[in-house]
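Peer 1: Pasting a structure here, questions to come.
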Amino acid sequence: MFKFKTPQQIFEIGRVKVGGQPGELPTVLIASIFYVGQKIVVDEGKGEFNVKEAEEQLNRLEQLSDLTGNPFMLDVVGTTEEAFRKYIGFIAETTEAPFLIDAISPKLRLSASQYVKEVGLTERAVYSSINKGSPQSEVEKIRESRIKAAIILAENPADNSTDGKVSATEQALARAREAGIEKFLIDTSIPAFGPDMGSAVRAIHYIKEKFGYPTGVGTGNVVTTCGWLKVNFPKEVRRGCDGATNAIMQTMGANWLMFGPIERADYVFPAASIVDTYILSAMAEVEIKPLSDAHPIFKVLM
């Protein structure tokens with residue numbers, strides 16, 4: 001393991017702290033809920049879902065977080081304004097966890113952001129996401145929402161190399177600051193399974209060293225998009241590969257991981273806590289100490 005020379009920022013979103021040197025804080029795990037195709041969703045347009053099953057899933061996340069020491073956020077996916085309002089309202093009433101406002105359409109994200117402002121949830125909200133090409137109109141609306149945290153996407157279609165991602169991050173951060181964002185979660189933007197996916201892994205180190213902000217990546221689709229795995233191995237084996245993928249990101253310095261469907265939580269949390277324990281025990285040699293009494297090392301080894 002390695003200690004970054006650049007001071008590493010720690011941001012508090014809701015009650016969750018994220019960032020710092022490897023080992024200081026546990027990896028924050030982000031689970032997707034209400035995503036397209038999720039079985040608990042009855043009507044995507046109206047935002048109707050099986051409330052009991054959703055509550056059970058959130059309760060399980062709370063249990064896993066208590067057991068492992070890894071805090072969590074929720075990646076709330078909406079496809080209509082009505083659905084977003086129902087989903088966010090439910091999340092706010094059921095858990096104290098922070099949540100991402102995630103939609104392909106900027107219009108939907110901005111509508112949900114305005115709703116978050118209206119109901120007083122801005123301190124728990126994370127805008128997902130801002131990139132180097134985010135238009136000025138969107139930037140202005142984000143500022144109006146008063147949301148202070150956002151995913152900063154290091155996506156660079158013209159240059160997917162590590163250098164390209166660092167350059168894209170610099171530009172996206174400038175847009176985010178214009179939008180009034182103060183808490184930056186940088187996503188190194190891993191593409192679908194392909195030969196150039198390694199740049200997103202390598203970029204974790206270089207982006208944290210350059211900017212000092214909490215950095216992570218969405219690992220949920222990495223294994224899912226690998227045809228070789230789907231053809232040759234059962235789902236149980238694929239979940240093991242998910243664990244290996246997340247572990248690689250953690251050892252590269254990732255502070256947070258968007259691991260995909262909430263249903264995978266039982267596989268992800270124990271693996272992440274074990275890796276966090278190894279990381280901290282290694283970092284002790286360079287005088288890094290845990291900043292949380294709930295760090296996984298106190299769960300796993302005590």
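Peer 1: Exactly one condition in (1) buried (at least 21 other Cβ atoms within 10 Å of the Cβ); (2) free of Cβ contacts under 8 Å to residues at least 12 places away in the same chain is not met by Asp276; state its number.
Peer 2: Every listed condition holds for Asp276 apart from (2).
Peer 1: Glu123: surrounded by 15 or more Cβ atoms within 10 Å (Cβ to Cβ), acidic (Asp, Glu), out of contact with any Ser or Thr (no Cβ under 7 Å at 6 or more places or on another chain) and over 23 Å from Ile204 (Cα atoms), yes or no? So that I can check it myself, show each step before the final result.
Peer 2: Details: surrounded by 15 or more Cβ atoms within 10 Å (Cβ to Cβ): yes; acidic (Asp, Glu): yes; out of contact with any Ser or Thr (no Cβ under 7 Å at 6 or more places or on another chain): yes; over 23 Å from Ile204 (Cα atoms): yes.
So Glu123 passes the test.
Peer 1: Checking Val116 against (1) farther than 19 Å from Ser32 by Cα; (2) in contact with a strand residue (DSSP E or B) (Cβ under 6 Å, 6 or more places away or on another chain), only one condition comes out false. Which one?
Peer 2: That leaves (1) as the condition not met.
Peer 1: Further question: Having 3 or more residues that are within 14 Å of Ala254 (Cβ to Cβ) and in contact (Cβ under 8 Å) with a residue 12 or more places away in the chain is the bar; report the strands (runs of 3 or more DSSP E) wholly within region 144-226 that clear it. Talk me through it step by step, then tell me what you get.
Peer 2: Numbers: elements: 149-153, 183-187, 215-218.
So the answer is 183-187, 215-218.
Peer 1: Pull out all pairs, ordered by first then second residue, where Cβ-Cβ is under 8 Å, the residues are six or more apart or on different chains, the first lies in region 245-267 and is more than 20 Å from Glu62 (Cα to Cα), and the second is assigned to a strand (DSSP E or B) and of a type in the set (Val, Ile, Thr).
Peer 2: Met249/Val217; Gly253/Thr215; Ala254/Thr215; Ala254/Val217
Peer 1: Still on this structure, please answer the following. I'd like to verify a number: residues in region 159-177 that are under 18 Å from Ala125 (Cα atoms) and surrounded by fewer than 19 Cβ atoms within 10 Å (Cβ to Cβ), how many?
Peer 2: 1
Peer 1: Out of all the residues in region 96-106, is one or more acidic (Asp, Glu) and within 19 Å of Asn50 (Cα to Cα)? Outline the logic, then answer.
Peer 2: Initial filter on region 96-106 (acidic (Asp, Glu)): 96, 102.
After this cut, where a residue has to be within 19 Å of Asn50 (Cα to Cα) as well, the list is none.
Among the residues of region 96-106, not one is acidic (Asp, Glu) and within 19 Å of Asn50 (Cα to Cα), which makes the answer no.
Peer 1: Have a look at Lys107, Lys117 and point out the one that is of a type outside the set (A, V, I, L, M, F, W, C) and closer than 16 Å to Gly45 by Cα.
Peer 2: Going through Lys107, Lys117 in turn, just one is of a type outside the set (A, V, I, L, M, F, W, C) and closer than 16 Å to Gly45 by Cα: Lys107.
Peer 1: Considering region 18-28 alone, what residues qualify as being of a type in the set (A, V, I, L, M, F, W, C) and assigned to a loop (DSSP other than H, G, I, E, B)? Before you say what the answer is, go through the steps one by one.
Peer 2: We begin by selecting, within region 18-28, every residue of a type in the set (A, V, I, L, M, F, W, C); these are 18, 25, 28.
Across region 18-28, the qualifying residue is only Leu25.
Residues checked against (1) over 17 Å from the mean Cα position of the chain (by Cα); (2) modelled with pLDDT of 95 or more; (3) among the hydroxyl-bearing types (Ser, Thr, Tyr):
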site	(1), (2), (3)
Asn160	yes, no, no
Glu178	yes, yes, no
Phe184	no, yes, no
Thr188	no, yes, yes
Pro195	yes, no, no
Arg202	yes, yes, no
Lys210	yes, yes, no
Leu229	yes, no, no
Asp242	no, no, no
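Peer 1: Just to be sure, is Ala272 of a type outside the set (Val, Ile, Thr), in contact with a helix residue (DSSP H, G or I) (Cβ under 9 Å, 6 or more places away or on another chain) and not in a loop (DSSP other than H, G, I, E, B)?
Peer 2: Details: of a type outside the set (Val, Ile, Thr): yes; in contact with a helix residue (DSSP H, G or I) (Cβ under 9 Å, 6 or more places away or on another chain): yes; not in a loop (DSSP other than H, G, I, E, B): yes.
In short, yes.
Peer 1: For region 51-89, give me each residue that is touching a Pro at 6+ places or on another chain (Cβ under 9 Å) and surrounded by fewer than 17 Cβ atoms within 10 Å (Cβ to Cβ).
Peer 2: If the condition is that a residue be touching a Pro at 6+ places or on another chain (Cβ under 9 Å) and surrounded by fewer than 17 Cβ atoms within 10 Å (Cβ to Cβ), then Leu67 is the only one that fits.
Peer 1: Moving on. Grab the strands (runs of 3 or more DSSP E) fully contained in region 29-127, keeping just those with 1 or more residues being without any contact (Cβ under 8 Å) to a residue 24 or more places away in the chain and among the β-branched types (Val, Ile, Thr). Walk me through it before giving the result.
Peer 2: Numbers: elements: 41-43, 72-77, 99-102.
Filter on region 29-127 gives 41-43.
Peer 1: Let me ask something else. With respect to Glu236, is the statement that it is out of contact with any His (no Cβ under 6 Å at 6 or more places or on another chain), in a helix (DSSP H, G or I) and without any contact (Cβ under 8 Å) to a residue 12 or more places away in the chain true?
Peer 2: Values: out of contact with any His (no Cβ under 6 Å at 6 or more places or on another chain): yes; in a helix (DSSP H, G or I): yes; without any contact (Cβ under 8 Å) to a residue 12 or more places away in the chain: yes.
Yes; evaluated as a whole, the condition is true for this residue.
Peer 1: Inspect all residues belonging to region 201-213 and state whether any of them is more than 26 Å from Gly78 (Cα to Cα), in contact with a Gly (Cβ under 7 Å, 6 or more places away or on another chain), among the charged types (D, E, K, R) and surrounded by 15 or more Cβ atoms within 10 Å (Cβ to Cβ).
Peer 2: Looking for residues that are more than 26 Å from Gly78 (Cα to Cα), in contact with a Gly (Cβ under 7 Å, 6 or more places away or on another chain), among the charged types (D, E, K, R) and surrounded by 15 or more Cβ atoms within 10 Å (Cβ to Cβ), one finds at least one in region 201-213, hence yes.
Peer 1: Considering only residues that are within 8 Å of Gly23 (Cα to Cα) and surrounded by 14 or more Cβ atoms within 10 Å (Cβ to Cβ), look in region 282-296 and name the one that is nearest to the chain's Cα centre (by Cα).
Peer 2: Step one: list which residues in region 282-296 are within 8 Å of Gly23 (Cα to Cα), which gives 283, 288-290.
Of the ones still in play, those that are also surrounded by 14 or more Cβ atoms within 10 Å (Cβ to Cβ) are 283, 288, 290.
Values: Met283: 23, Ile288: 24, Pro290: 21 Å.
Here the residue is Pro290.
Peer 1: Same structure again: Does Phe4 meet the test of being in a strand (DSSP E or B), in contact with a Lys or Arg (Cβ under 7 Å, 6 or more places away or on another chain) and modelled with pLDDT of 95 or more?
Peer 2: On the way: in a strand (DSSP E or B): no; in contact with a Lys or Arg (Cβ under 7 Å, 6 or more places away or on another chain): yes; modelled with pLDDT of 95 or more: yes.
Considered against the rule, which asks whether it is in a strand (DSSP E or B), in contact with a Lys or Arg (Cβ under 7 Å, 6 or more places away or on another chain) and modelled with pLDDT of 95 or more, Phe4 comes out as no.
The values are calculated or read from the model by the stated rules, or taken from the named source; none is laboratory data. A quick note: this is a predicted structure, and the numbers were derived from the prediction, not measured. Note that each Cβ is placed from the backbone with ideal geometry, even for glycine, and that neighbours are counted across all protein chains shown.
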